[in-house]
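Below is one structure; the comments refer to it alone.
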Amino acid sequence: MFKDMDVNTRAIGDSAQKIQETGTALANDLAAFRGQADALVGAFGGDELGSALATIYQVVSEAAFESFGDNAEALGEIGLNLQGMADEYAATETAASDAFQQLMGHLG
């Protein structure tokens, strides 16, 4: 059923690292973008319409930045979990191989 199944734990680990780096890069880019977006708050003007637009912008942008931040954090967690999976798989493979080698040594 699983004939010729091969798991490349190094490739999984490399992918995990890239996912974590992507999460970090997203968080950094998001922080920089938020600084630029916050600078626009005064662009709506001080009249009633400007104040209403600024309030709407603030509510919507806050929700968007929170969502984007959550996604960046989740990418880091996914990368960490994927690395853990690769490490556990490699450890299990090593333990199984060692057990078979020990069994073969006893059968001699």
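Here are some notes:
- Rounded to the nearest 20 debye, the dipole magnitude of segment 15-104 is 180 debye, with +1 charges on Lys and Arg beta carbons, -1 on Asp and Glu beta carbons, and the Cα centre as origin.
- Remark: the chain carries 77 Å² of accessible area per residue (probe radius 1.4 Å; ligands, DNA and RNA excluded).
- Axis of helix 9-38 versus longest Cα principal axis of the chain: the two differ by about 10°, to the nearest ten degrees.
- The stretch between F33 and M85 holds 15.4 nm of extra length on full extension. This uses 0.36 nm per residue minus the Cα-Cα distance.
- Most to least packed among 47-60, 79-92 [average Cβ atoms within 10 Å]: 79-92, 47-60
- With θ taken as phi - 60° and the Karplus curve 6.51 cos²θ - 1.76 cosθ + 1.60 applied, the whole-hertz 3J(HN,Hα) list for segment 86-96 is 5, 5, 5, 5, 4, 5, 5, 4, 5, 4, 5 Hz, x standing for glycine and proline.
- Accessible area, probe 1.4 Å, largest first, for residues K18, K3: K3, K18
- Of all accessible heavy-atom area on the chain, the percent that carbon and sulfur account for (1.4 Å): 59 percent
- Note that segment 67-84 has calculated 3J(HN,Hα) couplings of 5, 4, x, 4, 5, 4, 5, 5, 4, x, 5, 4, x, 5, 5, 5, 5, x Hz, one per residue in order, obtained from phi through the Karplus relation 6.51 cos²θ - 1.76 cosθ + 1.60 (θ = phi - 60°); glycine and proline are x.
The values are calculated or read from the model by the stated rules, or taken from the named source; none is laboratory data. None of the values given here were measured: they were computed from a predicted structure. Backbone-built Cβ (ideal geometry, glycine too); neighbour counts: all protein chains shown. Heavy atoms of the whole protein, side chains included, go into the accessibility calculation; ligands, DNA and RNA do not. Shrake-Rupley method; radii C 1.70, N 1.55, O 1.52, S 1.80 Å.
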